[in-house]
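What follows is a short report on a single structure.
The values are calculated or read from the model by the stated rules, or taken from the named source; none is laboratory data. Because the structure is a prediction, the values reported are computed rather than measured. When we count neighbours, we look across all protein chains shown, and the Cβ atoms used for this are built from the backbone with ideal geometry, even at glycine. Calculation scope for accessible area: heavy atoms of the full protein, side chains included, ligands and nucleic acids excluded. Shrake-Rupley method; radii C 1.70, N 1.55, O 1.52, S 1.80 Å.
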Amino acid sequence: MSYVDGYVCAVPTSKREEYLQHAKVAAKQLKKYGAERIIENWGDDVPDGEHTSFVKAVKCQDDETVVFSWIMWPSKAIRDAGMAKFMEDPICDPQQNPMPFDGKRLIYGGFETILSI
């Protein structure tokens, strides 16, 4: 079964295109290191829940949009090796590819696929 890295962050709405370019650059390198698919989703219908929500989780402000992303890998072993190479890649240097969002509010995790239909 595949392995998935999931990400949620708040991106300034005015920086949508800047975020997309940042993501495209990163995606090219991630594919080079073994990722099968990179999916970026710009929030369209993301309600602020009463107790918890994506909005609350990333402390999304009025001028920001929630982004939900994931990277599909063939396996955890390939992901571990690929991410290690990616993190050493010059593209991760903020001077070359600055993050157009507050990385301190980025939520991420790795997930074992248990159902894929």
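Descriptive notes on the structure:
- Flag for Ile117 being modelled with pLDDT under 95, surrounded by 10 or more Cβ atoms within 10 Å (Cβ to Cβ), over 19 Å from Ala10 (Cα atoms) and aliphatic (A, V, I, L, M): no
- Per the conditions (1) of a type outside the set (Ser, Thr, Tyr); (2) touching a residue at least 24 places away in the same chain (Cβ under 8 Å); (3) farther than 18 Å from Tyr7 by Cβ, the sole criterion not satisfied by Met99 is (3).
- The sole residue among Pro90, Pro98 that is open to solvent by 60 Å² or more (accessible area, probe 1.4 Å), modelled with pLDDT under 95 and touching a helix residue (DSSP H, G or I) at 6+ places or on another chain (Cβ under 8 Å) is Pro98.
- Picking from residues in the range 22-35 that are without any contact (Cβ under 8 Å) to a residue 60 or more places away in the chain and exposed (fewer than 14 other Cβ atoms within 10 Å of the Cβ), the one that is farthest from Val66 (Cα to Cα) is Lys32.
- Exclusive hit being over 17 Å from the mean Cα position of the chain (by Cα) and surrounded by 14 or more Cβ atoms within 10 Å (Cβ to Cβ), set Ala57, Ala81: Ala81
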